[in-house]
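Read through the structure below, which is laid out as structure tokens, and then see the notes.
Read-outs: derived from the displayed coordinates by stated rules, not from any lab. It should be emphasised that the depicted structure is a prediction, and the values quoted were computed from it without experimental measurement. We place every Cβ from the backbone using ideal geometry, glycine too, and count neighbours over all the protein chains shown.
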Amino acid sequence: MIQTENLLHELIEKHGNTRDGLLPILQGVVAKENYLSEPRMVEIAKALNISSAEVYGTASFYTYLFTKPMGKNVIRVCKTISCKMAGKQEIIKAIEKTLKIKVGETTRDKNFTFIETNCLGWCHKGPVMIINDEVYPEITPERAVEILCEMDPKHLSKF
Amino acid sequence: MKTSELKKVDIIFDCVQCAPIEVVKKSLAMHPDEIIEQIISSGLRGRGGAGFPTGLKWKLAKEEVSDQKYVICNADEGEPGTFKDREILDLVPNKVLAGMAICAYVIGATEGFIYLRNEYNFLLKKLIPTLENFNKNLQEIGLDFTIKLFSGSGAYICGEESALFESMEGKRGEPRNKPPYPTRNGYKGKPTVINNVETLVYCNMIMRIGVEPFKQLGTKDSRGSKVFSVSGDTTKAGIYELELGIGVDEFVNEFGNGDTKAVQIGGASGFCVPRKDFANKIIGFEGVPTGGSMMIFNSSRSMYNILKDYLEFFVEESCGQCTPCRVGTQQLLKGIEAVKHGEMPSSYLNQLMKLSETMKVASKCGLGQSVPNAFSSIVKNFKEEMIY
Amino acid sequence: MSTINLIIDNKTVSVEKGKTILDAAKKINVRIPTLCHHEDLCVAGNCRICVVQVEGSRTLTASCSTPAEEGMIIRTNTPKVRNARKDIVALLVSEHNTQCTTCYRSMNCELQSLSAEYNIDNNRYLSILKPNITIDRSSWSIEKDDSKCVRCQRCVRTCAELQHVNALTVSGKGKDMKISTFMELPLNEAICTNCGQCVIHCPTGALTERRYFDRVWEAIGNEKKHVIMNTAPSVRVALGEMLGYPIGTRVTGKMVTAMKRMGVDSVLDTDFTADLTIIEEGSELLQRLKKVLVDHKSSVKLPMMTSCCPGWVKFAEHIFPEHLGHLSSCKSPQQMFGALSKTYYAEKKGIKPEDIVSVSIMPCAAKKFEANRPEMNSSGFRDIDAGLTTRELGLMIKQSGLNFAELEDSAYDSLMGESTGAGVIFGATGGVMEAALRTAYEVVTGKEVPFKNLNIFPVRGMEGIKEASIKIEGCLPEWSFLEGVELRVAVAHGLINARTIMDEVAEGKSPYHFIEIMACPGGCIGGGGQPIPTNEEIRNKRTQAIYEEDMGMPKRKSHENPEIKKIYKEFLKEPLGEVSHHLLHTTYKKRNHF
Ligand SMILES: Cc1cc2nc3c(=O)[nH]c(=O)nc-3n(C[C@H](O)[C@H](O)[C@H](O)COP(=O)(O)O)c2cc1C
Ligand code: SF4
Ligand code: SF4
Ligand code: SF4
Ligand code: SF4
Ligand code: FES
Ligand code: FES
């Protein structure tokens, strides 16, 4: 708790307590806590002197600002046309099978959330996967599984 | 097809010994009006998609009287099939920064931002030190201008300039009413020049190599070269700097693998050119304009699936505020599905074509206005694929 | 101011620089359809229904959001324009729950009118109405049905710009864009003040007041029940709008007749308790002044602020929970009425309070919530059984089959039916202040307030925050501590202005002694329960009617109301006395700030 209060304090220190600072602050919270919890949004609203509804409304516009609990690691696979043509569906299947979750879901241990996204800007090297900020172009199903297992060996046995 | 007529150009990534900061220094010795003059005479038009003449944009911003002005580099690159801005920022970031600095000098801005899409955060590792260094260099050469980074939060529409400002101001990325335009009323209501990453590099390069070498390339309305992002059914997917005004056939000869059925030029918001039109269309503002996205489709591809993919993209990425776009995109998507599944007669496509016309003329911003580009060019040229 | 000349549909028009194409068209009586546009709000430009053709432009232009420019040549009715408009309406219809037959706003809905005007064929597009939309009926005051929403954001702009509450927001994007509260909480858990301004600014049936008139019909039909209706001051100047009268017509007498003919047992006047409020609140003010100026009590707060507006009260409870001590402890006239109806009235009339159904007709959505506040049962029963809006009364009159225009005038019934001009002006911003000054000044000095014809103009009008000061001279001995005091007062309406005033109070920098606050722009004449549309022009006309009503009253000072004198003599004994304390005063509750 003390830690999180510090977090907000730091973020406000850095980005200011005006509306301009809202998105960087929200990003900062998501980076540390994976998502924007209700109390956190309320605190931010207070600090910026805006309503919590505005914080929520703004956050819900952006795909990187989650208002629902997310896993520690967010896996994104591009679903747009070039990657589709390059076989993104196979990657999705492999990930779903490895983590035993469907697109849009979070593993029970809250370690991974798996989502599909629009074009990630690597169309010449599709299919592409991004885990947190790390990019994996020209990914194969095997390689995807390997990466996941490296991150969380628990999934090794299950595959 | 080994020998090609296609002229590849090397301006953007060219690494001749001349540090970008030197170009800024050189520019500082010139009068701002002189720089504007040069950019205008180069014929450079924005590379972000809309193609507004860059020199004129700078001129308008310079003429505004204001205590504060801004220069913003639009690196929100989210158009499906575009990835050149990422490559530019990765390989030659200093050239982008130099372009911004020159612009700042011209219009009298002291603060600048790079609006970087969140998906490109991995670039930050290199970009932040580069930026710090560059800011220091600017101080050394005596230009009062600082560049900061602003990280996007995941929304294609934030590439639209006024939505981008809203987003930077901590709000939902909903495009504003225009006029007023950014050069008068941009970020925080102040005069702002917003340029695409690539545009800024060309500005820098024009100041370095002069107007002539640039002007010699391209056509009357599409001067110079441009960086293309090539993907899809090709063995040569990647980034290429090519002269503007080349024929689509020339392009296909170079990049297609012999079975190209259509090329989608300009991404989901661009146009689909079918094989029969390859020979009579050129790539550029007087033909098919593009922000750089070139997606190549072979005859095995279903154009229905491709169109559906684009529409799904827009249904999600529309900001949702205006009726023609929010509802129109959903109707187009639902409509082609219904026709495909036989739930609606094929004549319903005509109704949808009319709808796309409404979207084009009545939507609030460029997103809704350009959804019809892909829709009508695909439906018109591949009607059978939509029905059967 | 430079002027601009342009041509619209072949007619030249000159407007001031900065005016929009829509303004210019209005000036020459060219009607351009609008939806997201509302005179009270900033321009949004999102519905696109108002598009016109500007010569030379590739696309059409939204007239509401585009400034007129010199030399523009505009056509508002070309086939291209008409097609686009028709398409836009058809698109809105396609995402709409088109069950107009069961909609409360049917016949008063902007989408419905547009759809009729453009003769929309429901089959043009497939329905994309989202399934499983549930109606939020969690709030006592406001009902939210997203299936009727056209996403014009008028409500969001209202809640932000007029009220600065921001209980509503836009959430999601693309197909998922919708109007939400924080985290999609039900409205009763949001910081909504129940003012209902979003309701009167909503073009469709997506936001409406919770309706309770069916319960009232039940009670009227129940022989055993004695139904009392009390009507708020501003209802009589607005009800006519629903029944075919021009804006600003006073229909007091006909309204009373209609209610009697509907079978209401006793038609009484909230103005009576408005007068009573003045006595109680005025006494409280004088008491506070004494405690502060003479006894130097720091626990007593000045400025004192009015508490007759439940929208404002809930706002204060949410946003300024630490400063509730500034609020007068007086209940609103509605709640005073309720408490007395089941005590004083019941006693005098010899009716068992449990058989009384006390209904109030209010310009207001917040009063519904107020009537249901748990503490509002000081009579031992629910003090007010149902709070209806002006709109609901209008509907009931229509349902009753009466020909309103043909009705004769009648007077209010007695016992709590008599009122003064001071009670009437409660309905307009500044009215409470004016009424209070008319009485307080006279109590303190024994002389009439020094304004011609008792009309205290400085506190009237549509300015967001108004101030006035009166130097108190010639005090009666009892009030000598006020001699020479410059009494400073302020009046604010619209919660955005309330916040400005309150910020000052919270900082301890407020220069005033007494402040009147009304949540709704213009006060209750512009209340959330008033006929739709409501806008500046309409508010002005209703206000004018209120002051006409005041001028026409034989008595115009609350303390001269004979029924008021009587109730103190026979029941309450004295202002701020024990009975008053129990029945007429209340306490407030701290609520979550965000
Ligand atoms: C929906 C939409 C998305 C856009 N995305 C981008 C983008 O990602 N990058 C960009 O440079 N311009 C984008 N634009 C264009 C910008 O609004 C703006 O015109 C451009 O940044 C101006 O720079 P330029 O003149 O250098 O092209 C987009 C426009 C629209 C309508
Ligand atoms: S056209 Fe689409 S993206 Fe643009 S303002 Fe309208 S809804 Fe938003
Ligand atoms: S009732 Fe008033 S406070 Fe509540 S949402 Fe509507 S406008 Fe906002
Ligand atoms: S609830 Fe009403 S005012 Fe609000 S956006 Fe929907 S239709 Fe418009
Ligand atoms: S101003 Fe009047 S109508 Fe509006 S909330 Fe207050 S009491 Fe109700
Ligand atoms: S289509 Fe997948 S990265 Fe662009
Ligand atoms: S009325 Fe002009 S866009 Fe809605």
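Side notes on the structure shown:
- The share of Cα pairs per 10 Å bin across region B:303-386, counted from zero up to the longest distance, runs 20, 57, 22, 1 percent.
- Considering only B:ILE336, C:TYR441, C:LEU22, and ranking their Cα positions along the charge dipole of the protein assembly as shown that arises from unit charges at the beta-carbon of Lys, Arg, Asp and Glu, the one farthest toward the positive end is B:ILE336.
- Axial C-alpha extent at least 18 Å, average Kyte-Doolittle at least -1.0 - helices from chain A (DSSP): A:2-15
- Cα gyration tensor shape of region B:225-298, rounded if a/c is under 1.5, else prolate or oblate by comparing a/b with b/c: rounded
- Nonlocal amide H pairs with B:ILE246, under 5 Å, H built at 1.01 Å: B:ILE283
- Whole-Å distance, taken between Cα centres, linking region B:107-161 and region C:151-214: 38 Å
- One way to sum up the overall shape of region B:20-215 is the equivalent ellipsoid from its Cα gyration tensor, whose semi-axes run 23, 19, 16 Å, largest first.
- Computed log₁₀ I(q)/I(0) - Debye formula, equal Cα scatterers, no solvent, region A:2-59, q 0.13, 0.14, 0.29 Å⁻¹: -0.25, -0.29, -1.42
- Tilt relative to chain B, helix B:32-42 - C-alpha long axis, 0 to 90 degrees, to 10: 30 degrees
- Across the options B:VAL193, B:CYS73, B:ILE157, the greatest Cα extent toward the positive end of the charge dipole of the protein assembly as shown (unit charges at beta carbon of Lys, Arg, Asp, Glu) belongs to B:ILE157.
- Using equal-weight Cα scatterers in the Debye expression, the normalised intensity of region A:73-158 in log10 at q = 0.23 Å⁻¹ is -1.09.
- For region C:378-463, GluC sites (Glu not before Pro) meeting the loop criterion (DSSP other than H, G, I, E, B) and having at most 15 other Cβ atoms within 10 Å: C:GLU408, C:GLU448, C:GLU463.
- Global form of region C:92-209, assessed from the alpha-carbon gyration tensor, a/c cut-off 1.5: prolate
- Counted over region B:20-215, the DSSP beta bridges are approximately 5% antiparallel.
- Put in order of Cβ neighbour count within 10 Å, fewest first, the listed residues C:HIS38, C:HIS318, C:HIS164, C:HIS581 become C:HIS581, C:HIS164, C:HIS318, C:HIS38.
- Ratio of Rg to Rh for chain B: 0.98 [Cα atoms; Kirkwood radius as inverse mean 1/r over pairs].
- Candidates per trypsin sites (Lys or Arg not before Pro) in region C:1-92, loop by DSSP, up to 11 other Cβ within 10 Å: C:ARG31, C:ARG58
- At q = 0.09, 0.14, 0.19 Å⁻¹, base-10 log of I(q)/I(0) for region C:217-364 (Debye sum, equal scatterers on each alpha carbon): -0.39, -0.82, -1.13
- Seen against the Cα atoms of chain C and their longest principal axis, helix C:252-262 is set at about 90 degrees.
- Estimated vicinal HN-Hα couplings, Hz - region C:120-133 in sequence order (Karplus 6.51, -1.76, 1.60; Gly, Pro = x): 6, 8, 4, 9, 4, 10, 6, 6, 10, 4, 5, x, 6, 7
- Shape call, region C:508-564: gyration tensor on alpha carbons, a/c limit 1.5: oblate
- For chain A, the share of alpha carbon pairs falling in successive 5 Å distance bins from zero is 2, 9, 18, 17, 15, 13, 11, 9, 5, 1, 0 percent.
- Evaluating 6.51 cos²θ - 1.76 cosθ + 1.60 at θ = phi - 60° for every residue in region C:416-421, the Karplus couplings come out as 6, x, 9, 8, 10, x Hz, glycine and proline recorded as x.
- When C:THR273, C:THR12, C:THR101 are sorted by how many other C-beta atoms sit within 10 angstrom of their C-beta, beginning with the fewest, the order is C:THR101, C:THR12, C:THR273.
- Cβ-based charge dipole, region A:6-88, positive-most Cα from A:LEU8, A:ASN73, A:ALA45: A:ASN73
- Kirkwood-type radius of chain C, with distances r between different C-alpha atoms, in Å: 25.2 Å
- Residues whose amide H lies under 5 Å from that of B:VAL273, counting only those 5 or more places away or on a different chain, are B:VAL263, B:GLN264, B:ILE265; hydrogens are built 1.01 Å from N in the peptide plane.
- Euclidean distance between Cα centres, region C:434-501 to region C:120-138, Å: 52 Å
- Listed values for region A:118-127 are Karplus-derived 3J(HN,Hα) couplings in whole Hz (6.51 cos²θ - 1.76 cosθ + 1.60, θ = phi - 60°), namely 7, 2, 9, x, 9, 4, 6, 10, x, x, and x replaces Gly and Pro.
- Fraction of antiparallel bridges per DSSP, the protein assembly as shown only, in percent to nearest 5: 50 percent
- Volume per residue of the convex hull around the Cα atoms, evaluated for the protein assembly as shown, comes out as 203 Å³.
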